[in-house]
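The values are calculated or read from the model by the stated rules, or taken from the named source; none is laboratory data. Source: prediction; values computed, not measured. Here the Cβ positions follow ideal geometry from the backbone for every residue, glycine too, while neighbour counts run over all protein chains shown. Side chains are part of the model used for accessible areas, which takes the heavy atoms of the whole protein and leaves out ligands, DNA and RNA. Shrake-Rupley method; radii C 1.70, N 1.55, O 1.52, S 1.80 Å.
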Amino acid sequence: RALGYSSPVPNLTVGDYLTSWLVTVARPRLRATTFRTYQAMTTRFLIPGLGSRRLGALTVSEVREFLTRIASTCQCCAHGTDARRDPAHRDPARRPRCCAIGRCCHQTVSPTTVRYVRALLSTALADGVREDLLGRNVAAAVRLPTVRSNFEPFTAAEARNYLRVAKTHRHGTLFELALRTGLRQGELLGLKWDDLDLDAGHLTVRRTLARTPGGATFQDVKTHRSARRISIPQECVTSLRWYHRRQQQDRRDAADAWRNLGLVFTRSTGGPLDAAYVHRNHHTLCDVAGVRKIRFHDLRHSAASLLLERGVELIVVKDLLGHAQINTTADIYAHVRLRLQRQAIEAMGQALNDPDDDDDEGEPDDPPILVPA
């Protein structure tokens with residue numbers, strides 16, 4: 001047995017089970033970054049909330065009450081975030097300012113996080129069912145409200161202003177490629193020149209660059225669908241050629257200090273760019289361009305939304321983004337599809353209400369067809 005139990009253990013607690021499951025089952029099959037997220041969610045929510053419960057006695061109602069509780073509990077109060085600040089610190093911003101002094105900040109987790117916690121528990125319990133440690137997966141029976149997308153992609157006008165300013169940035173090619181292709185940040189930072197064929201105008205996504213406690217590491221892409229070949233817009237081909245020439249100059253300047261990793265987007269000494277650096281500079285570009293300060297990941301959403309609004313088929317957007325299932329793309333961009341449906345209905349209304357579109361202009365209407373009662 002993968003979990004190390006030869007038969008159901010009557011007094012096995014949820015906390016002991018999850019601790020064992022993380023090490024023996026989850027870690028071998030997950031990417032390092034995903035495993036750390038599982039571990040953090042388990043430590044922060046699942047073990048404090050359900051860890052003392054007996055695994056075999058856990059009920060659907062207990063799981064539902066637990067999820068309701070974490071959705072409404074101030075996390076600052078629960079984890080003493082404000083209490084850990086220094087009351088004597090010379091910087092007022094570093095002193096307690098909310099929950100520790102009786103002013104609750106009501107810092108609750110997002111509905112997306114609640115759904116993630118439920119999904120994590122359900123995944124763990126499903127393995128318990130397969131191992132005959134449990135009779136049923138009680139977490140799978142809990143239904144949560146559908147989470148509405150909380151991102152606000154660029155409009156076409158905002159995207160144009162952003163690209164105009166990005167051209168002046170040292171790594172403007174990175175931001176342009178993100179917005180024009182919808183590549184994930186890790187996929188962009190993990191690109192190597194060997195992955196690009198600028199003459200043919202396409203690139204191949206083979207890996208992602210992730211930050212781990214040991215530093216930047218290359219990892220496999222998220223799913224097999226994420227490993228894909230996509231076309232590069234001509235504007236990006238031109239930018240990439242310029243970027244490559246500038247990088248060659250950086251390499252000559254760095255001499256022996258150059259790190260020859262073959263990466264497309266690098267520091268002046270060849271090392272990988274830091275994600276925090278990318279985010280900071282992205283927000284600076286937003287400020288200079290006079291557009292809303294969205295997340296860097298929302299450049300990906302902006303690319304997809306703009307394509308859908310211009311009539312590109314959903315299956316094409318799915319393949320471009322590297323989604324494993326088309327329903328994932330459809331769910332994420334439901335707001336775009338609803339807007340397109342509204343435009344289609346309005347266009348139909350205009351066609352039906354506009355007399356100039358009549359084929360027989362000036363002819364009397366046909367008499368109504370009388371249907372016998």
Within the stretch 69-81, is there a residue that is without any contact (Cβ under 8 Å) to a residue 60 or more places away in the chain, of a type in the set (D, E, K, R), assigned to a helix (DSSP H, G or I) and open to solvent by 70 Å² or more (accessible area, probe 1.4 Å)? yes
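Could you identify the single residue in 168, 181 that is among the β-branched types (Val, Ile, Thr) and buried (at least 19 other Cβ atoms within 10 Å of the Cβ)?
Numbers: 168 fails: buried (at least 19 other Cβ atoms within 10 Å of the Cβ).
Answer to the check: 181.
Among the residues of the stretch 46-61, write down those that are open to solvent by 50 Å² or more (accessible area, probe 1.4 Å) and part of a helix (DSSP H, G or I).
47, 48, 56, 61
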Filter the stretch 255-281 down to residues that are open to solvent by less than 20 Å² (accessible area, probe 1.4 Å) and out of contact with any helix residue (DSSP H, G or I) (no Cβ under 7 Å at 6 or more places or on another chain), then give me how many there are. 2
Exception for residue 204 within (1) crowded, with 20+ Cβ neighbours inside 10 Å; (2) closer than 15 Å to residue 263 by Cβ; (3) of a type in the set (Val, Ile, Thr) falls at (1)
Selected residue [over 18 Å from the mean Cα position of the chain (by Cα), under 15 Å from residue 232 (Cβ atoms) and hydroxyl-bearing (Ser, Thr, Tyr)] from 173, 168: 173
Output the number of the condition that residue 137 fails; it satisfies all remaining conditions of (1) loosely packed, with under 15 Cβ neighbours inside 10 Å; (2) at pLDDT 95 or above; (3) in a loop (DSSP other than H, G, I, E, B). (1)
Out of 108, 112, sole residue that is more than 19 Å from residue 14 (Cβ to Cβ), among the β-branched types (Val, Ile, Thr) and part of a loop (DSSP other than H, G, I, E, B): 108
Checking the conditions here, which among 188, 203, 179, 174 is touching a helix residue (DSSP H, G or I) at 6+ places or on another chain (Cβ under 8 Å), of a type in the set (A, V, I, L, M), assigned to a helix (DSSP H, G or I) and closer than 15 Å to residue 241 by Cβ? 174
